[in-house]
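Scroll down for the structure; my scribbles are underneath it.
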2 protein chains.
Amino acid sequence: MERVVVIGAGFAGLSTARHLAGHPVQVTLVDHHNFHTFQPLLYQVATAGLEPADVAYPVRTIFGREPTITFRHGRALSVDLAARTVALADGAALEYDRLVVATGATTGFFAVPGAPRHALPLYTLADARRLRNHVLACLEAADARPEDFDGGAPTFVVVGGGATGVEMAGALVELLDVSVRRDRLRIDPDRTRVVLLEAGDRLLAGFEEDSSRYAAQTLRDRGVDVRLRTPVAEVTAEGARLADGTWLRAAAVVWAGGVTVDGTLAASLPTPRGRGGRVTLEPDLSLAGHPEVFVVGDAGAVPRGPGAPEACPQVAQVAMQSGKHAARQILRRQAGEPTTAFAYHDKGLMATIGRHAAVAQLRRGPVLRGTLGWLAWLGLHLVYLIGFRNRLVVLVNWWWRYLDWPSGPRLIVADVEADR
Amino acid sequence: MERVVVIGAGFAGLSTARHLAGHPVQVTLVDHHNFHTFQPLLYQVATAGLEPADVAYPVRTIFGREPTITFRHGRALSVDLAARTVALADGAALEYDRLVVATGATTGFFAVPGAPRHALPLYTLADARRLRNHVLACLEAADARPEDFDGGAPTFVVVGGGATGVEMAGALVELLDVSVRRDRLRIDPDRTRVVLLEAGDRLLAGFEEDSSRYAAQTLRDRGVDVRLRTPVAEVTAEGARLADGTWLRAAAVVWAGGVTVDGTLAASLPTPRGRGGRVTLEPDLSLAGHPEVFVVGDAGAVPRGPGAPEACPQVAQVAMQSGKHAARQILRRQAGEPTTAFAYHDKGLMATIGRHAAVAQLRRGPVLRGTLGWLAWLGLHLVYLIGFRNRLVVLVNWWWRYLDWPSGPRLIVADVEADR
């Protein structure tokens, strides 16, 4: 049987493996985590609304009943295109007949001095845990020793006004509210600030302008200091310096500024790369000169389709669709059929701003905002969340969080275990 | 109002605070974790049956509606009995009129060479997470590179045949079974071993002899290599050396060998200490010469009651009862009444061996073993688990784990994030 190696168990890699299941190919899915991360909900983990396990799902459980799909726990270091092998960090080499590179992207700091060291990114589950622990520890410190903070209370800066930044800023003000109102933390809600910095002239750049305005207005109504046309020049342990020289002292600088493929395995492939370091692809998503290698998801400059020069955005939808496309092309090649060009079916965009406030801009139908948009967002995320049990647990948590049950939200820093 | 400082948010400290709530005393509850840990279920976290958050509960949520109870996040370093202050690691000093020391115990390695460094204890939530990650990583490594293991499969050694050791050994064989059967890990179940070492001549020493025999037999039937009268002489990175010179190569040595008060804050009090380093107490649980200071739970040699020379065991029941007793004595003192002697009401003992197998030795009624004992154990733990939502989530997880639902158990090592 043909051996297919899929590197990466994100949305793209999982989608490839799923669509190869049941067909006569032997699939090895490699990832250095033994779980899939549901990235769209990471900001909820970072703000203590969900637990890490609510947004992570073991890969072995997903494919437990698929005999042709094997999971291999390990970090892929490099690909030898000539020898058709993938080298793993533990010394093993996996041979392949077909390869699917679904290694995703990584946080992009865009050469802002100090950002890689001092800003807290929100891209992996580890990022989300670290950020959550830091934020909760800051709140406890502000309760115990307000004199340690400028103005007696912490300021949180979020860099980047895309979906992640908007969601993070919205969830942070909710967390602050709950900390003061329910958990009786002695911090002054009027002095504790959340600042959202965006270099461009509007939030949610990919959305309609009305949605951008709605997002900015809603965040401001909830107490977020939204600053547009405000690039960050430097990040230090004490805060952020803006391009105009203004200094923002901050307890945490959250980095939601964007992603890059630089530094990932995909970047080591000997092929041209485009914007954000993404690998340039043939229309069928294969590598030029290597029809046996496909690149899917965030790692590739996935073409929108015939005649559309621009690449697709780096979102879950594109990852899932491109992963499925690669699987189909592998099966077509096996059947001796020619491959087909990828075409993106844009189903719309969604971003949540907080409780009862979201923007759902679907391809068909009206733009939903407010509670309706939020319910649409909730429903869609629950449908896509992997595993019935995970959905159930997440639902219980949300029910508590949003319907305001007496026990209040969980503010566990079960992860902060180091002696301090 | 009188200021009461309670150090420690374990069973004993929580119990004290709960019983002081609503009374005219200003309580400050100090802990270096902002959560309470439900220790009896840590072995489930260590074997991936439950998530860390399922057995941890934020202290602020517990007392969110009690205006007289304040939580202070911080590590108590020492007590100045003369000045009546508690020094915290962040430099603050808390003044008190009455003090309750509920600092618990810590893992006791009993001078076994190498144990503190190489054995993996199971006493705190951090221990459970570390152990779980290590065990799951071993299983993945055995799947990927069986040649790295002696005999082609890992051996897990559990030291200590008390309740923790018995529960851990039982849960480990269940995890192995599930890993092979459900997750299709390519490890040979006949070669993967769980060895339970006990220095004494029976398991569950505090139980009736019939229960000890039942536990040993059940574990053996499930594949555990139970060795009685087998003390450990040394632990290394490669395994354990027994007192008779036998060498056991092991992927992990789990330490369930006991606890000590040595090295904790309670041990720094200028008072005599008994077995296990426990602080010697007056009959009312106060410190000799310091009627304003009480020691409760595992930290104290809690007297069984008038006429009983032996101290109580270090179990949750004693912690809760002694915490409540200290609260009552504080209120009696305030009311100008004399204090009363503590008397332990032993409600019985319980230990689970695994699915459908437990021993429940209640004070009144018959000894329950097997499925009945297991259901009693399940019910009691759910009742005592703090918070309705936690109970609900734990119930969902158990339902999946024990009733064998199609999606199988979660084997997430969401915590293993370090590059490997």
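The values are calculated or read from the model by the stated rules, or taken from the named source; none is laboratory data. Small disclaimer: the values here were computed from a predicted structure and weren't measured. We place every Cβ from the backbone using ideal geometry, glycine too, and count neighbours over all the protein chains shown.
General remarks:
- Meets criteria (at pLDDT 95 or above and either away from chain B (no Cβ under 13 Å) or surrounded by 24 or more Cβ atoms within 10 Å (Cβ to Cβ) (or both)) for A:R98: yes
- Only one entry in A:V157, A:V173 is in contact (Cβ under 8 Å) with a residue 24 or more places away in the chain and farther than 30 Å from B:I62 by Cβ, namely A:V157.
Per-residue answers, yes or no, for (1) of a type outside the set (D, E, K, R); (2) touching a residue at least 24 places away in the same chain (Cβ under 8 Å); (3) in a helix (DSSP H, G or I); (4) in the same structural domain as B:D127 (by TED's automatic domain parsing):
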{"position": "B:P40", "(1), (2), (3), (4)": "yes, yes, yes, no"}
{"position": "B:V45", "(1), (2), (3), (4)": "yes, yes, yes, no"}
{"position": "B:Y57", "(1), (2), (3), (4)": "yes, yes, no, no"}
{"position": "B:R60", "(1), (2), (3), (4)": "no, yes, yes, no"}
{"position": "B:G64", "(1), (2), (3), (4)": "yes, no, no, no"}
{"position": "B:S78", "(1), (2), (3), (4)": "yes, yes, no, no"}
{"position": "B:A83", "(1), (2), (3), (4)": "yes, no, no, no"}
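- Some residue of the stretch A:108-121 being within 14 Å of chain B (Cβ to nearest Cβ), within 30 Å of B:L185 (Cα to Cα) and out of contact with any Lys or Arg (no Cβ under 7 Å at 6 or more places or on another chain): no
- When B:G22, B:G13, B:G49 are checked against the criterion of being in a loop (DSSP other than H, G, I, E, B), within 20 Å of the chain's Cα centre (by Cα) and away from chain A (no Cβ under 11 Å), a single residue qualifies: B:G49.
Each row is one residue, and each column tells you yes or no for (1) among the aromatic types (F, W, Y); (2) in contact with a Gly (Cβ under 7 Å, 6 or more places away or on another chain); (3) at pLDDT 95 or above.
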| position | (1), (2), (3) |
| --- | --- |
| A:L285 | no, yes, yes |
| A:A319 | no, yes, yes |
| A:R328 | no, no, yes |
| A:R332 | no, no, yes |
| A:A343 | no, yes, yes |
| A:V383 | no, no, no |
| A:R391 | no, no, no |
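- B:T28 vs. criteria of a type in the set (S, T, N, Q), crowded, with 24+ Cβ neighbours inside 10 Å, at pLDDT 95 or above and under 27 Å from B:G263 (Cα atoms): no
- All positions within the stretch A:173-189 that are more than 11 Å from every other protein chain (Cβ to nearest Cβ) and among the acidic types (D, E): A:E174, A:D177, A:D188
- Residues satisfying the stated conditions in the stretch B:58-72, i.e. at the interface with another protein chain (Cβ under 7 Å from one of its Cβ atoms) and closer than 23 Å to B:P24 by Cα: B:R60, B:T61, B:G64, B:R72
- Test result for A:M350, under 28 Å from A:Y123 (Cα atoms) and in contact with a Ser or Thr (Cβ under 8 Å, 6 or more places away or on another chain): no
- Test: residue in the stretch B:138-149 that is away from chain A (no Cβ under 13 Å) and over 30 Å from B:L20 (Cα atoms): yes
- Residue within the stretch B:186-193 that is at pLDDT below 90, among the aliphatic types (A, V, I, L, M) and at negative phi present: yes
- Among the conditions (1) outside any strand (DSSP E or B); (2) surrounded by fewer than 22 Cβ atoms within 10 Å (Cβ to Cβ), B:L139 misses just one, which is (2).
- Hits in the stretch A:78-95 - residues which are within 14 Å of another protein chain (Cβ to nearest Cβ) and in contact with a His (Cβ under 8 Å, 6 or more places away or on another chain): A:A89
- Restricting A:G373, A:G379 to those that are away from chain B (no Cβ under 13 Å), assigned to a helix (DSSP H, G or I) and either surrounded by fewer than 17 Cβ atoms within 10 Å (Cβ to Cβ) or modelled with pLDDT of 85 or more (or both) reduces the list to A:G379.
- Looking only at residues in the stretch B:332-361 that are more than 30 Å from B:L20 (Cβ to Cβ) and free of Cβ contacts under 8 Å to residues at least 60 places away in the same chain, the one that is surrounded by the most Cβ atoms within 10 Å (Cβ to Cβ) is B:A358.
- For the residues B:V296, B:V315, the requirement of being among the β-branched types (V, I, T) and over 21 Å from B:S212 (Cβ atoms) singles out B:V296.
- Scanning the stretch A:145-164 for residues that are buried (at least 19 other Cβ atoms within 10 Å of the Cβ) and part of a helix (DSSP H, G or I) yields A:A163, A:T164.
- Lone qualifier among A:V295, A:V302, A:V279, A:V254 - being in contact with a strand residue (DSSP E or B) (Cβ under 9 Å, 6 or more places away or on another chain), crowded, with 19+ Cβ neighbours inside 10 Å and closer than 22 Å to A:R229 by Cβ: A:V254
- Per-region count, the stretch A:107-136, residues part of a helix (DSSP H, G or I) and among the small types (G, A, S): 3
- Candidate set: the stretch B:260-307, residues that are in a loop (DSSP other than H, G, I, E, B) and of a type in the set (G, A, S); chosen: the one farthest from B:H345 (Cα to Cα): B:G263
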